[in-house]
Structures are given as C-alpha cells and as structure tokens.
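The values are calculated or read from the model by the stated rules, or taken from the named source; none is laboratory data. Here the structure is a predicted model, which means the values were calculated and not measured. Counting neighbours? That spans all protein chains shown, and the Cβs are built from the backbone with ideal geometry, glycine included. The area values use the complete protein model at the heavy-atom level, side chains included, leaving out ligands, DNA and RNA. Shrake-Rupley method; radii C 1.70, N 1.55, O 1.52, S 1.80 Å.
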Amino acid sequence: VFIHILDLLEMQDEFDSSTGSDRDSEVGDDLSSMASDLEDDEEEWDPRDESSWKLTPLELSKVIQELRQRRLPAIEVSKMIIRSVIVHYSHQPNVIHIPAPEVGSRFVVVGDLHGHFGDPRHLLEDHGEPSPGPKGAVRFLFNGDFVDRGTWGPEVLLLLYALKIKYPSAVFLNRGNHEDQSQNQLPDNGFVHSHCTRAFGAEALPMYYLMRRSFKELPLCHVIGNEIFVVHGGLPMDPIVTLHDINAVDRRHDVPIKHCALMGYPKGQKVVARKDLTGKDGEKIFKGSKGRLFERVRKSNDAIVRFSGNSQDEVVVQIFGAPELEEEIDIIYSSEKERLRQRQHRIFVSLLWSDPVAKPNMRGPSKRGAGAFFDSKVTQEFLKVNKLKVLLRSHEKRQEGFSVEHANSKGHMIAATIFSASNYPKGAGEPAGNKAAVVVLEPKEAGNLANSLISWPAWRVGFQDGLMPSNMLSDELKARFQEAQAALTLGPRARALAKLRELTYCSRPQLLSYWQALDTEGVGIVDKEHWATAMRAVIIPDDDFPWEWLEPYMLRTTEGNQFNYAVFLAQYGNALARKLAARFYGGSMMAVLPGVKSKADIEKAWSTVDRNGDGRLSYQELRPLLRASSGLGDETDKITMEDHIYSLLMVMDKDKTGFVDREEFISCVMRFLSGESLVNSVSMASMHSSFEADIAAAQAARKAEAKGGASSALNEEMAKWTDEEISQCWASTQGVIRALSTTTGCASAVFQVLDEDSDGAIDREEFRKGLRQLLAGNNMLRNMHVWEPLLWKLVDEDSSGVVSPHEMNLAFSVRETLSI
C-alpha cells in the first residue's frame with residue numbers, strides 16, 4: 001500500500017507541475033449552436049421540497065472550507081447551494097436596505113471579481129470570515145460581476161453563494177451586468193464555453209441553466225444605513241428616479257439590453273419630429289412628421305431617424321437617452337403601460353451598465369451600447385431625491401482599484417468606483433497589472449456613516465492565486481532529487497510517511513481553518529470522520545488517495561471517535577524554523593498592540609482584539625490583525641505569511657484547543673514584556689522520525705550540544721541580527737521546506753544533489769547555489785544577501801565551514817515532536 005501511495009504522490013507532483021498550462025481554452029467554436037442550446041429549460045425542482053436545496057450548518061461549513069481551497073463541491077451539493085440562493089432571494093425586493101453598521105464593526109464593499117479566485121481569498125484572509133455580530137460584526141457586500149473573463153468563475157460564484165446562505169445577515173450580493181446570459185455566452189468571456197465545462201464536465205449546461213436562474217433573482221442595489229447607495233453600474237438619464245421606481249422594475253429575467261440598444265430605446269422606436277428638421281440630402285422634414293429610430297451613427301450620440309412618406313427620408317438627430325430630455329424628436333408610446341415598461345427597461349439596464357463621466361458635455365447615452373454616461377449633476381439629483389449621501393459602484397477597472405468619480409460643491413465625495421479583481425483580466429500585466437481595492441465602513445461613533453468610508457489599501461495577487469508554491473522547481477532538479485532518493489536505502493513506508501509529514505506541515509494553516517470552522521463549540525475537538533475529508537480537501541484532492549487507510553498511521557491524537565486537531569497539527573515541526581521563530585514572535589504580537597506596557601494595558605486591549613466578545617480568538621479572527629502587522633515585508637509570499645500567522649497562534653494556544661483564550665493571550669504578552677521567549681526550548685533530540693539516518697543525526701546533534709555552550713553561542717549569534725533579518729531567514733527556511741514538499745525527494749536526497757563535488761560535505765558556494773535552485777521564483781531571493789549569512793551559520797551548527805548530511809537533515813526535515 002505504501003508503494004501505491006508513493007506512486008500517487010509522484011502522480012500528484014506531475015499534476016501540480018502542469019497547472020501552469022492553459023486551462024482557459026474554449027470548448028466549441030459554434031456560438032450559434034451554443035446560443036440555441038441555452039434556450040433549453042433548466043432542470044425542474046420544487047422549492048417547497050427543502051431537501052432539494054437546504055444544507056445543514058455543518059455541511060455549509062465544510063463546503064466553504066473546501067471552496068476556499070478552490071475545491072468544487074459535488075454536483076448535487078453545488079446545485080443545492082444555487083437553489084438556496086434562489087429561494088432566499090425569491091421574495092426579496094430590488095432594493096435591499098441594510099442597517100448602518102454598529103460602532104466597532106466593519107462593512108466591506110467589494111467590486112468586480114470576474115472569476116479571479118485569489119482576490120476573494122485575499123479578502124477573507126484580510127478581513128476574516130463574515131460575522132453577523134452584533135459586536136465586532138464583519139459584513140460584506142459583493143457588488144456584481146462575479147463571473148466571466150477569469151477562469152475560476154464557478155468557484156467564486158459558489159463560494160459567495162455558500163457564504164450568503166451561511167451568513168444571510170452578513171453577506172449581500174448585487175447583480176452585475178455579467179450575471180446575464182448575453183455576456184456569459186460570449187466566447188471571449190468564457191463562462192459558458194470554457195469555465196463551466198472545466199468545472200462541471202458533462203453537467204456544464206444544466207449547471208449553467210441553474211446559475212442563470214439564480215442571476216435573475218439577485219437584487220439590483222443596496223442602501224446602507226439610509227446613506228450609501230451601492231449599485232454595480234450607475235444611473236439612467238431619466239430624471240427624478242426614485243428607489244420606489246427601482247423597486248417597480250421586473251428584474252427576474254435577462255437584462256433587457258435589446259429594448260434599450262439604440263441609446264436607451266429599442267430599434268424601431270416610434271418618434272415624431274418636435275420641430276422642422278433637415279434630411280441628409282437637404283429635404284425638409286416638417287414638425288409632427290412620424291418616423292422610427294433606425295440606427296446609431298457609429299459611437300456618437302447621434303441616430304438616424306427614418307420618417308415615413310413617399311420615400312424613406314433619413315434625418316440625423318442627437319439623442320439624449322430619456323424622453324424628457326430629447327430636443328429634436330418626441331418619443332411616442334402606444335399606451336401609458338408601454339411608456340412605463342420602457343422606462344423600467346432603461347432603469348434596469350442603466351443600474352448594471354452605466355458609467356460616470358467628469359464633464360457635463362460627456363453626459364448622455366453610453367458608448368458601450370447599453371446604459372448611460374452620467375455626470376455629477378445626475379448623481380447629485382439622484383442622491384437629493386432619495387435623501388442619500390454617497391453612490392458606490394463598480395463595473396470599470398481602475399489601476400489602483402478605487403477612484404473618486406464625483407464630488408459636490410464642497411469637495412466631498414459623492415460617487416466612487418471600486419474594482420476588486422487584480423491583474424485583470426486573467427492575469428494581464430502581471431506582476432505590475434492593476435491593483436484591487438475595497439471600500440470599508442468602520443464607524444467610530446454613531447451617525448454620519450458616509451464620513452467613516454475609507455478606501456482599504458490596494459493589493460495584487462497572481463492569477464494562479466498563490467495556492468501553489470511560488471517557487472516551482474525545475475524538472476531537471478526534480479529528476480535529480482528522484483534519482484538521489486532512489487539511491488537511499490529507505491523503505492516505502494518511511495518515505496511515504498516522511499513526504500506526508502512535509503505536506504501536512506506545509507498545509508497547517510488551511511487545515512486549522514477547515515477544522516475550526518466545524519468546531520462550533522470552540523473546544524479544539526472534532527469527529528474523526530472530518531480528518532480524511534480535510535486532508536483530501538486541502539492536501540491531495542484525489543478521491544483514490546487512501547486517506548482513510550492512513551488515519552491510524554498519522555492520527556494518534558484521538559479521543560474515542562474524535563480528535564484534537566490542534567494537537568495533531570502541532571506534532572509536525574521543524575527545529576530550525578522553531579529556533580528562528582523564538583526571536584520574532586513577540587515582536588509580531590506587540591505590533592498588534594502598540595503602546596502596551598503593562599498587564600492593565602493588555603487586559604484593556606483584549607476587548608479590542610476579541611471583536612465578537614466570545615472570550616476566545618480563532619484563527620479567522622487573529623489572521624487580519626496579524627497579517628497587517630506581521631513585519632515579514634512585501635517580499636514574503638502569501639503562503640509563508642499564513643505559516644507565520646499559524647505558528648504564532650499555536651505558540652499562544654498553550655492548552656491546544658485551537659483557540660486563544662483571554663488568559664493565554666495575556667500570559668503570552670506578559671512573557672514577552674518580561675523578556676521571556678514565547679517558544680519552549682525544544683532541542684533537536686526532542687523531535688523524532690522513522691528515518692534511521694535522522695535518528696543518528698539527532699544523536700549526533702545531542703553530542704554536539706553536550707559539549708556545552710552551544711545554546712549560549714546560538715543566543716549570542718541571534719542577538720546580532722534584527723527581527724526583520726531573522727523573520728526573512730525563517731521565511732526562507734519555510735520556502736525550502738515547501739519546495740521539498742513539491743517533490744518526492746527528502747532532505748537526505750537534497751544533500752546528495754547539492755553536494756556537486758561528492759566530497760560528503762556542502763561548502764558555502766554549493767549552499768548558495770542550492771538555495772537559488774530551491775527558491776527559484778521566490779521573492780525572498782531579492783534579499784538573499786540579508787538572510788543567507790544567518791541561515792548558513794544556523795545550518796552549519798559545528799561552525800566547521802561545511803554542512804554535513806546530518807546538519808542538512810536537521811535543518812530542513814519535518815519531524816514529529818516527542819514533547820506533544
């Protein structure tokens with residue numbers, strides 16, 4: 001069985017290496033045949049049958065954790081998520097009113113995501129998962145355009161839908177212009193043709209039909225605290241549009257672009273000349289003459305009108321986009337009902353398609369062919385009529401992710417654009433493409449919500465989302481590792497378990513987040529059945545990988561039918577990373593609590609850190625705070641940042657419940673203030689492995705330390721280095737371990753490969769060359785001159801000037817700690 005596991009691990013390695021290939025190729029070239037297919041009816045289901053759409057809280061938690069790893073749920077579960085959203089919104093109005101966020105809470109408005117999975121992932125890491133509060137609430141409003149363009153549209157959509165169902169009062173969704181069949185079926189956008197086929201295979205079209213149905217249920221806009229109007233696109237040209245008018249729109253169909261395709265009117269719209277006009281050939285068209293709108297003149301605001309008579313007289317007239325604004329023609333309707341219906345079509349389309357402009361002379365029908373260009377005057381009129389203060393919209397890429405569009409006479413912002421898909425579209429411009437941003441409402445006192453609005457610091461994430469290690473080893477280096485590994489006299493069981501230790505060690509943050517979401521009581525224990533499901537969701541998603549069979553070999557921290565997940569994760573460690581962490585953990589913690597100098601200060605700060613007031617801190621709660629103050633620098637990749645945050649949390653969690661309670665928090669900060677190390681001293685000998693060579697190495701390390709003075713010398717050496725240099729050295733160590741986890745080789749094989757002259761030792765130049773190979777593509781190499789000298793000193797424990805096999809093993813192996 002272990003030989004089979006090694007084969008599966010090698011296959012997984014080959015799969016991971018191929019993720020850089022183009023997954024966005026189109027399936028099928030015949031747009032007309034695809035379009036006709038989309039006319040088919042969706043699969044029937046009965047909303048009255050709750051079993052067809054209702055998921056339990058535990059099921060939702062598991063689905064969300066898997067989706068956060070970009071793992072799609074089973075088809076039937078995916079259908080239930082979409083149906084749940086349909087049921088939820090089936091009786092909701094077009095305009096959703098949300099109470100103003102409470103003092104001490106946070107409301108995040110998110111712009112276009114367009115299938116870029118890394119950006120919503122970043123948001124949940126930066127702000128934490130949604131929380132309804134009331135204390136310390138974190139709420140999100142996703143402002144449309146969840147799909148199209150980016151490859152991961154199905155995953156993004158299902159993640160947002162699952163969050164909405166689990167946190168109905170903390171997650172809100174607006175419809176965007178890309179939540180519509182007219183955009184989804186375009187080959188360039190890819191959602192139907194490519195993304196759904198990739199995600200759902202033979203079920204692609206039935207799944208799309210269901211998603212299309214859900215798009216028609218999404219609301220058109222939200223009003224936050226009776227002050228802030230949030231809509232995907234913008235405003236129509238029609239004067240005096242009220243929230244009541246918007247609520248009167250029938251939204252439960254495709255966006256009626258064809259009814260507004262000719263600058264706000266349908267092609268063939270009946271008109272009457274308001275004054276005498278002159279035709280294209282100089283002929284006279286008298287006031288009152290009847291005609292029809294025929295076509296737009298290129299991308300101008302002019303249209304050709306064909307007037308009836310003995311010949312088809314054509315006149316070019318300027319169009320302003322609303323009947324009340326037209327100067328040369330009157331718009332004619334057969335009835336009041338038709339007039340209202342056409343007005344509602346214009347409002348509907350404009351809410352999803354319109355764009356702001358800076359100058360009044362740019363105002364009018366949009367050059368996009370749908371919606372309008374609205375200026376500051378239109379914005380001010382709309383806000384005044386509806387007693388609102390600010391309009392937030394998305395729909396357009398902004399290089400910095402956010403831009404102020406309109407201001408009032410006092411210079412106060414009244415309209416802004418938010419765009420939350422970085423390097424858009426599909427990684428364009430990486431690594432220097434557009435940034436993404438969000439707007440955050442975080443009131444410090446009650447009243448005047450608009451004044452609490454801030455643009456959150458912008459970010460960029462790679463289109464591949466940082467889910468794979470940033471340093472991908474070359475095929476040549478991997479082959480050399482495999483060759484060296486084959487020469488070692490290690491049994492398949494030892495090799496397989498060693499590799500699984502590495503993979504588990506590198507996935508500890510994601511595993512903790514997965515299990516913590518299921519641990520609703522916050523006791524650090526979950527059912528054993530969730531061990532294999534988490535390992536499969538986070539580490540190796542292959543259904544054929546025998547995680548259940550491996551459980552007795554890896555899961556030793558069981559209590560009946562349950563297990564302590566914090567203890568399970570803590571049993572995997574790296575001695576070198578632990579040494580380095582002892583120096584800079586305290587600094588990271590204090591960055592969260594600036595100015596804290598006494599126990600009284602710490603106790604006072606606790607209420608600020610414990611946002612929801614439940615007396616304990618979860619990984620999700622602490623992550624945003626620590627991410628903002630980790631001190632690891634811009635060169636650190638996201639995965640290493642998560643490693644750092646996880647490690648600090650586990651240092652604070654002394655009773656291994658997976659949570660940090662008040663006493664643990666105060667105790668850790670007090671220890672740091674008094675000059676104590678936050679990390680218990682663990683020697684190399686306290687870690688064990690099934691490798692005989694590693695055991696011998698640990699014994700050799702004990703002898704070296706027994707000579708005396710080793711620990712003191714290490715402390716003296718570490719004192720010479722700054723926290724930033726030590727943190728970069730730690731990040732590089734993690735990077736090497738992560739690089740090794742992407743191969744079937746182990747640390748012993750690494751030594752053989754890096755020892756190019758085969759003299760049984762690695763000299764400084766070989767060490768440096770090896771680091772460059774192992775960290776290829778990692779931003780940490782930019783500052784290699786800063787951290788490499790310290791790393792060399794730590795790896796070369798006996799200061800001999802060369803690194804021996806056992807020193808390499810001890811530095812970069814993942815081991816099980818006997819102290820747990």
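Restricting attention to the range 786-812, which residues are under 24 Å from M641 (Cα atoms) and free of Cβ contacts under 8 Å to residues at least 12 places away in the same chain?
Correct list: P789 only.
I need every pair where a residue in the range 771-785 that is among the small types (G, A, S) has its Cβ under 8 Å from the Cβ of a residue that is buried (at least 16 other Cβ atoms within 10 Å of the Cβ), sequence separation at least 6 or different chains.
From residues that are among the small types (G, A, S), the pairs are A776/N471; A776/M472; A776/L473; G777/S470; G777/N471; G777/M472.
Among the residues of the range 231-273, which ones are β-branched (V, I, T) and open to solvent by 50 Å² or more (accessible area, probe 1.4 Å)?
Keep residues of the range 231-273 that are β-branched (V, I, T), which gives 231, 240-242, 246, 249, 255, 257, 271-272.
Scanning the range 231-273 gives a single hit, I240.
Within the range 783-796, is there a residue that is within 24 Å of E724 (Cα to Cα) and either among the small types (G, A, S) or in a loop (DSSP other than H, G, I, E, B) (or both)?
The answer is yes, given that some residue of the range 783-796 is within 24 Å of E724 (Cα to Cα) and either among the small types (G, A, S) or in a loop (DSSP other than H, G, I, E, B) (or both).
Taking L9 and the conditions (1) in a helix (DSSP H, G or I); (2) modelled with pLDDT under 90; (3) open to solvent by 60 Å² or more (accessible area, probe 1.4 Å), which numbered condition does it fall short on, given that it satisfies the others?
Single failed check for L9: (3).
Residues being within 15 Å of Y161 (Cβ to Cβ) and surrounded by fewer than 22 Cβ atoms within 10 Å (Cβ to Cβ): count how many of those fall in the range 178-189. Give the steps one after another, and end with the answer.
Kept after step one, since they are within 15 Å of Y161 (Cβ to Cβ), are these residues of the range 178-189: 179.
Within this subset, residues satisfying the condition of being surrounded by fewer than 22 Cβ atoms within 10 Å (Cβ to Cβ) are none.
Qualifying residue count, the range 178-189: 0.
Might you let me know whether the range 547-554 holds any residue that is in contact with a Lys or Arg (Cβ under 6 Å, 6 or more places away or on another chain), modelled with pLDDT under 90 and part of a helix (DSSP H, G or I)? Walk me through how you get there before you give the answer.
Step one: filter the range 547-554 for residues in contact with a Lys or Arg (Cβ under 6 Å, 6 or more places away or on another chain), giving 547.
Checking which are modelled with pLDDT under 90 leaves us with none.
No, the range 547-554 contains no residue that is in contact with a Lys or Arg (Cβ under 6 Å, 6 or more places away or on another chain), modelled with pLDDT under 90 and part of a helix (DSSP H, G or I).
What number of residues within the range 76-111 are closer than 29 Å to Q510 by Cβ, of a type in the set (V, I, T) and open to solvent by 10 Å² or more (accessible area, probe 1.4 Å)?
Residues flagged as closer than 29 Å to Q510 by Cβ, of a type in the set (V, I, T) and open to solvent by 10 Å² or more (accessible area, probe 1.4 Å) within the range 76-111 amount to 1.
Evaluate the range 412-435: report whether one residue or more is under 23 Å from E125 (Cβ atoms), aromatic (F, W, Y) and not in a loop (DSSP other than H, G, I, E, B).
yes
Being among the basic types (K, R), more than 24 Å from R175 (Cβ to Cβ), open to solvent by 20 Å² or more (accessible area, probe 1.4 Å) and in contact with a Phe, Trp or Tyr (Cβ under 9 Å, 6 or more places away or on another chain) narrows it down to one of K435, K410, K444, so name that one. Full working, then the answer.
Numbers: K410 fails: in contact with a Phe, Trp or Tyr (Cβ under 9 Å, 6 or more places away or on another chain); K444 fails: in contact with a Phe, Trp or Tyr (Cβ under 9 Å, 6 or more places away or on another chain).
When all the criteria are applied, what remains is K435.
If I filter the range 467-485 down to residues being assigned to a loop (DSSP other than H, G, I, E, B) and surrounded by 19 or more Cβ atoms within 10 Å (Cβ to Cβ), which single residue comes out as modelled with the highest pLDDT? Show your work before the answer.
From the range 467-485, those assigned to a loop (DSSP other than H, G, I, E, B) are 467-474; that's our starting set.
Imposing the further condition that a residue be surrounded by 19 or more Cβ atoms within 10 Å (Cβ to Cβ) reduces the set to 469-471, 473.
Working: P469: 42, S470: 46, N471: 49, L473: 57.
If we take residues in the range 467-485 being assigned to a loop (DSSP other than H, G, I, E, B) and surrounded by 19 or more Cβ atoms within 10 Å (Cβ to Cβ), then L473 is modelled with the highest pLDDT.
Could you tell me which residue of the range 274-307 is least open to solvent (accessible area, probe 1.4 Å), considering only residues that are acidic (D, E) and within 20 Å of R368 (Cβ to Cβ)?
If we filter the range 274-307 for residues that are acidic (D, E), which is where we start, we get 276, 281, 283, 295, 302.
Retained after the next criterion (residues that are within 20 Å of R368 (Cβ to Cβ)): 295, 302.
On the way: E295: 78, D302: 52 Å².
Ranking the candidates gives D302 first.
Restricting to the range 245-278, name every residue that is modelled with pLDDT of 95 or more and among the polar types (S, T, N, Q).
N247, Q269
Can you find, within the range 64-75, the residue that is nearest to A537 (Cα to Cα) among those that are of a type outside the set (S, T, N, Q) and open to solvent by less than 10 Å² (accessible area, probe 1.4 Å)? It would help to see each step written out before you state the result.
Going residue by residue through the range 64-75, those that are of a type outside the set (S, T, N, Q) are 64, 66-68, 70-75.
Still in the running and open to solvent by less than 10 Å² (accessible area, probe 1.4 Å): 64, 67.
Values: I64: 11, L67: 9 Å.
This residue is L67.
Quick one: which residue in S732, S727 is over 20 Å from E502 (Cα atoms), hydroxyl-bearing (S, T, Y), open to solvent by less than 50 Å² (accessible area, probe 1.4 Å) and part of a helix (DSSP H, G or I)? Step through it out loud before you land on a result.
Working: S732 fails: over 20 Å from E502 (Cα atoms).
Only one candidate qualifies: S727.
Pick from the range 67-106 the residues that are touching a helix residue (DSSP H, G or I) at 6+ places or on another chain (Cβ under 7 Å) and small (G, A, S): which of them is nearest to A248 (Cα to Cα)?
Looking at the filtered set, the residue picked out is S90.
Could you please find all residues in the range 193-232 being assigned to a helix (DSSP H, G or I), farther than 16 Å from I82 by Cα and touching a residue at least 24 places away in the same chain (Cβ under 8 Å)? Give the derivation first.
Taking the range 193-232 as the starting set, the residues that turn out to be assigned to a helix (DSSP H, G or I) are 193-217.
Going one step further and asking which of them are farther than 16 Å from I82 by Cα, we end up with 193-195, 197-198, 201-202.
Matches in the range 193-232: H193, S194, H195, T197, R198.
Please go through (1) assigned to a helix (DSSP H, G or I); (2) in contact (Cβ under 8 Å) with a residue 60 or more places away in the chain; (3) out of contact with any His (no Cβ under 7 Å at 6 or more places or on another chain) for P154 and return the number of the only condition it doesn't satisfy.
Among (1) assigned to a helix (DSSP H, G or I); (2) in contact (Cβ under 8 Å) with a residue 60 or more places away in the chain; (3) out of contact with any His (no Cβ under 7 Å at 6 or more places or on another chain), the lone unmet condition for P154 is (3).
What's the total number of residues in the range 331-367 that are surrounded by 15 or more Cβ atoms within 10 Å (Cβ to Cβ), part of a helix (DSSP H, G or I) and among the aliphatic types (A, V, I, L, M)?
Selection size over the range 331-367: 4.
For the range 157-177, which residues satisfy the criterion of being open to solvent by 10 Å² or more (accessible area, probe 1.4 Å) and assigned to a loop (DSSP other than H, G, I, E, B)?
Applying the first criterion (open to solvent by 10 Å² or more (accessible area, probe 1.4 Å)) to the range 157-177 yields 165-169, 172.
The answer is Y167, P168, S169.
What are the residues in the range 217-230 that are open to solvent by 10 Å² or more (accessible area, probe 1.4 Å) and not acidic (D, E), if any?
G225, N226 - these are the residues of the range 217-230 that are open to solvent by 10 Å² or more (accessible area, probe 1.4 Å) and not acidic (D, E).
Which residue, of S21, S36, S32, is open to solvent by 60 Å² or more (accessible area, probe 1.4 Å), under 31 Å from the mean Cα position of the chain (by Cα), of a type outside the set (D, E) and modelled with pLDDT under 70? Walk me through it before giving the result.
Numbers: S36 fails: under 31 Å from the mean Cα position of the chain (by Cα); S32 fails: under 31 Å from the mean Cα position of the chain (by Cα).
Unique residue meeting the criteria: S21.
Taking the criterion of being open to solvent by 10 Å² or more (accessible area, probe 1.4 Å), modelled with pLDDT under 95 and within 21 Å of R121 (Cα to Cα), would at least one residue in the range 190-198 satisfy it? Give the derivation first.
First, pick out the residues of the range 190-198 that are open to solvent by 10 Å² or more (accessible area, probe 1.4 Å): 197-198.
Those left that are additionally modelled with pLDDT under 95: 197-198.
From what's left, within 21 Å of R121 (Cα to Cα): 198.
Yes: one or more hits.
Report, by residue number, each residue of the range 129-163 that is of a type in the set (D, E, K, R), under 26 Å from L617 (Cα atoms) and out of contact with any Gly (no Cβ under 6 Å at 6 or more places or on another chain).
Residues of the range 129-163 of a type in the set (D, E, K, R): 129, 135, 139, 145, 148-149, 155.
Then drop every residue that is not under 26 Å from L617 (Cα atoms), which leaves 129, 135, 139.
Scanning the range 129-163 gives E129, R139.
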